[in-house]
Structures are given as structure tokens and as C-alpha cells.
Amino acid sequence: MNNERERFIAAQRNGDGDLMKFQTSSGRVLDYQQALQEVQAGSIAGVNVFKGRDGEMYIRGDADGDPSNNLDQLPQF
């Protein structure tokens, strides 16, 4: 049994550059709400959820000092 958690490997953005969808390491495509739920459930590695100043919940990469794995650096799909 493979109990390794999935990671986000690519993203789709809207015209404003906002992240809209994510592709996981297993090939699944999740819209932002689905991705948010999976991150909150602990299913996705390397990311966490935080509450923005507007009260909304957002996904961000874990703070590990490596800018190359930030969500903004994900390739488009």
C-alpha cells in the first residue's frame, strides 16, 4: 500500500494570475475548492491552508525557505 501523500505538480491560473485549478502527482485535477478541502484533510503534502485578511481560506506552500517550490512557481497545465 502506498501511503505517500500527493503533491501539486502544476496549476491553472485565470486572467488575473489567480490559481484556479491544481494537478496532483497522481494526475488528478482539482478546482480550488476541492484542493482546499484536500489540503485541509491532510491529503496533499507540501502545502497548508491559512485565513486571509478577508476571512477567506487560501492554500499556500509550506514555508521551507525554498522559493522554487512555491505555488506561484508551478508550471501551467
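The values are calculated or read from the model by the stated rules, or taken from the named source; none is laboratory data. What you are looking at is a predicted structure, and each value in this text was computed from that prediction instead of being measured. Note that each Cβ is placed from the backbone with ideal geometry, even for glycine, and that neighbours are counted across all protein chains shown. Keep in mind that these areas ignore ligands, DNA and RNA; they rest on the heavy atoms of the full protein, side chains included. Shrake-Rupley method; radii C 1.70, N 1.55, O 1.52, S 1.80 Å.
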* Asked: With the chain treated as a Gaussian network of Cα nodes joined by springs under 10 Å, which of Asp31, Asp16, Asp62 yields the largest mean-square fluctuation?
  -> Asp16
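Find out how many positive minus negative residues lie around Ala10, taking Lys and Arg as positive, Asp and Glu as negative, among other residues whose Cβ is under 12 Å from that of Ala10. Each step should come with its number before you reach the end.
On the way: positive: Arg7, Arg13, Lys21, Arg28; negative: none.
Result for the neighbourhood of Ala10: +4.
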* Would you work out what percent of the accessible area of the chain, with all protein chains in place, is carbon or sulfur (probe 1.4 Å)? => 43 percent
* Asked: How much accessible surface area, in Å² rounded to 10, belongs to the heavy atoms of Asp18 with a 1.4 Å probe?
  -> 80 Å²
* To do: Using only alpha carbon pairs under 8 Å that are at least six residues apart, calculate the relative contact order of the chain and give it in whole percent.
  => 27 percent
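May I ask for the Kirkwood hydrodynamic radius of the chain, worked out over all distinct Cα pairs and given in angstroms to one decimal?
12.8 Å
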* Asked: With θ set to phi - 60° and the Karplus curve 6.51 cos²θ - 1.76 cosθ + 1.60, what are the ³J(HN,Hα) couplings of region 51-62 in order, to the nearest whole Hz, using x for Gly and Pro?
  -> 9, x, 4, 7, x, 7, 9, 9, 9, 9, x, 4
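Write down the accessible area per residue of the chain in Å², having rolled a 1.4 Å probe over the full set of protein chains.
Numbers: 5280 Å² over 77 residues.
That works out to 69 Å² per residue.
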* Asked: Can you give the calculated 222 nm mean residue ellipticity of the chain, where each DSSP H run of n ≥ 4 adds -39,500 (n - 2.57) and the sum is split over every residue, rounded to the nearest 500 deg cm²/dmol?
  -> -3500 deg cm²/dmol
* For region 34-39, Karplus couplings with θ = phi - 60° (6.51, -1.76, 1.60), whole Hz, Gly/Pro x -> 4, 4, 4, 5, 5, 5
